[in-house]
Amino acid sequence: MSTTDPMYYWDYLGLDEVLGSQRLVSGSGGREPAHDEMLFVVTHQAFELWFKQILWELESAIEDLAHEPVPEPLMGQVVHRIERIVAIQPLLVQQFHVLATMTPLDFLDFRDELIPASGFQSVQWRLIENRMGLPPTQRLRILGASYTSRLSEEHTRRLERSETEPTLLGVLDAWLARTPFLRFGDFDFWAAYRDVVETMLERDRRLIESNPSLDEVVRRQQLDAFETSCRTFEPLFDREQWDALRAQGKRRLSQEAFLAALLISLYRDEPALHLPYRLLTALVDLDEGFTAFRNAHAQLVHRTIGGRIGTGGTSGHEYLQAAARKHQVFTDLFDLATYHLPRKELPALPEDVREQMSFRYVD
Ligand code: HEM
């Protein structure tokens, strides 16, 4: 095609390559193809195309959020692009429902010919996980082996490189930790929040201690449970405890970043925090969308191969269900709700801080 030829739909979309890429193994060697293998191949290819789009958006969001400081127009763009991924995710779940019309017997017509290939080798999926911020140390290991152990050398190198690239979790952490409102003039959010929490906890303790309807055994049990819930607040005010939890992988964000996220979620009604709050919500939606993908996949695997091991050699649906829980990345943002206070108990923001957080339009 010369450069002066008019644009042609088929060529623009590369449909020779795309539509010529469904090569069924069951039809090779002069054998009858298994009817459902076409659905199996097309579905996987459709997933990989969406993974490509997701990576496109994810990488751009990471690049934008990595600016120090992030220019205001880019913030809106980051949120918009993450929300686009969130809009794609239900399509992925829906595709699993389409693939579920391939029954276990239909799959057995060609399954053995796929061994040892598996979605476990989806390089784009691993890139998504890595760029989201899932560290290699937090991954489930399969018979002691790394997630790259079944990949070609080229793909292993590509993934190892991606482990060193900026992640969405990493740039979010740095952006949150720079939040100017944590300490602002005379206002120290940390100290003000701590005062309110201590007063609230003291009040709750007294309620249990003076509740006339409790006998001594139940009162002791309730006080023990109460002490445990008090201890969940301690790491917020104690850097060493926080860092120890982080080292164990129980926290992913730095203490400053977590407190900034808490501030944003508590004072989200202030105009300057509208967009930051939308970003945090979009990230919770994003993480939840990937968990929905993992759960829908695990369910499909259960109904299609039952308790068999996978073609990639894992325990199959059991492994996938465990991965759905363990490979979540933004768990800290889900945990923020543990530390929320009712609006009426929130430390009041000093007038100058509120002023800074409001939008004013001047002629
Ligand atoms: C009947 C259809 C399917 C079956 C029976 C199936 C089975 C499995 C199994 C058993 C695993 C665990 C690794 C192994 O031992 O092989 C796995 C992993 C995986 N599959 Fe599928 N799968 C199916 C469809 C799909 C589709 C359509 C996709 C979309 C790309 C997909 C993507 C993945 C991914 C990304 C993993 C790695 C998950 C992880 O390690 O967390 N699978 N699959």
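Quick look at the numbers
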quantity	calculated
GLN248 being loosely packed, with under 14 Cβ neighbours inside 10 Å, under 21 Å from the mean Cα position of the chain (by Cα) and polar (S, T, N, Q)	yes
Enumeration of residues in region 318-362 that are surrounded by 14 or more Cβ atoms within 10 Å (Cβ to Cβ), acidic (Asp, Glu) and either within 16 Å of the ligand (Cβ to nearest atom) or modelled with pLDDT under 90 (or both)	GLU318
Where LEU263 falls short, out of the listed (1) at pLDDT 95 or above; (2) part of a helix (DSSP H, G or I); (3) more than 16 Å from the ligand (Cβ to nearest atom)	(1)
Residue, nearest to the ligand (Cβ to nearest atom), within region 26-43, restricted to residues that are modelled with pLDDT of 95 or more, surrounded by 14 or more Cβ atoms within 10 Å (Cβ to Cβ) and not hydroxyl-bearing (Ser, Thr, Tyr)	PHE40
Filter pass, GLU160 being charged (D, E, K, R) and in the same structural domain as ARG131 (by TED's automatic domain parsing)	yes
Conditions (1) farther than 24 Å from GLU113 by Cβ; (2) in contact with a helix residue (DSSP H, G or I) (Cβ under 9 Å, 6 or more places away or on another chain); (3) in a helix (DSSP H, G or I): number failed by GLY27	(1)
Residue, farthest from the ligand (Cβ to nearest atom), within region 98-126, restricted to residues that are under 30 Å from LEU58 (Cβ atoms) and free of Cβ contacts under 8 Å to residues at least 40 places away in the same chain	VAL123
In region 260-275, the residues that are within 17 Å of ASP335 (Cα to Cα) and out of contact with any Phe, Trp or Tyr (no Cβ under 6 Å at 6 or more places or on another chain)	ALA260, ALA261, SER265, LEU266, TYR267
Single match in LEU275, LEU236 (criterion: in contact (Cβ under 8 Å) with a residue 40 or more places away in the chain, surrounded by fewer than 20 Cβ atoms within 10 Å (Cβ to Cβ) and in the same structural domain as MET200 (by TED's automatic domain parsing))	LEU236
Residue list for region 293-317, restricted to those being within 7 Å of the ligand (Cβ to nearest atom), closer than 15 Å to VAL98 by Cα and of a type in the set (S, T, N, Q)	THR304
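Residue-wise test of (1) more than 25 Å from LEU245 (Cα to Cα); (2) of a type outside the set (S, T, N, Q); (3) assigned by TED's automatic domain parsing to the domain that holds ASP186.
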| position | (1), (2), (3) |
| --- | --- |
| THR314 | yes, no, no |
| GLU318 | yes, yes, no |
| GLN321 | no, no, no |
| ALA324 | no, yes, no |
| HIS340 | no, yes, yes |
| ARG343 | yes, yes, yes |
| ALA348 | yes, yes, yes |
| ASP352 | yes, yes, yes |
| MET357 | yes, yes, yes |
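The values are calculated or read from the model by the stated rules, or taken from the named source; none is laboratory data. Here the structure is a predicted model, which is why all the values come from computation and not from measurement. Counting neighbours? That spans all protein chains shown, and the Cβs are built from the backbone with ideal geometry, glycine included.
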